[in-house]
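Colleague: This structure is in structure tokens; I'll ask about it shortly.
The values are calculated or read from the model by the stated rules, or taken from the named source; none is laboratory data. None of these values were measured; they are calculated from a predicted model. We place every Cβ from the backbone using ideal geometry, glycine too, and count neighbours over all the protein chains shown.
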Amino acid sequence: MKMRARNFGRAVVLACVLAMPAIQGCATNTDPRVAAAVDDQPFNAWLNNLVDRIKAEPNYKRIPIDTKAEEDQFLVWLHDAYHHRITRQDFAAHVNGRYPNHQNEVAFIVSRLP
């Protein structure tokens with residue numbers, strides 16, 4: 001019985017060791033546009049200010065950005081709009097198309113873009 005438990009323990013350790021490079025590979029496979037947005041300090045300062053304003057706005061309804069993929073896509077759109085790579089209208093069209101019934105929230109964000 002001890003031999004089976006020992007072999008099972010070794011198998012678990014071996015599986016974890018072999019799986020680690022695959023896990024690390026997945027973790028580093030980040031969209032460069034997302035990485036650029038995350039590393040952009042002026043953008044992040046502006047975004048933090050926007051979040052503070054959203055929290056203070058009683059009529060703002062949360063946009064249902066629930067997955068990492070949705071969060072990344074929204075961040076890329078917002079970063080592009082912040083840097084004028086897309087127009088405010090394009091940003092609004094992307095977000096309103098993806099999240100209908102949140103026109104007021106999108107207008108709130110768009111009105112605060114530089």
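Colleague: Could you please tell me which pairs satisfy a Cβ distance under 8 Å, a separation of 6+ or placement on different chains, a first residue in the stretch 33-60 that is closer than 18 Å to D80 by Cβ, and a second residue that is outside any helix (DSSP H, G or I) and not polar (S, T, N, Q)?
Modeller: Close Cβ pairs satisfying both conditions: F43/H83; W46/P114; L50/R112.
Colleague: Which ranges mark the helices (runs of 4 or more DSSP H) fully within the chain that have 3 or more residues being modelled with pLDDT under 95 and surrounded by 10 or more Cβ atoms within 10 Å (Cβ to Cβ)?
Modeller: Numbers: elements: 2-27, 32-39, 41-56, 68-82, 88-98, 103-110.
Hits in the chain: 2-27.
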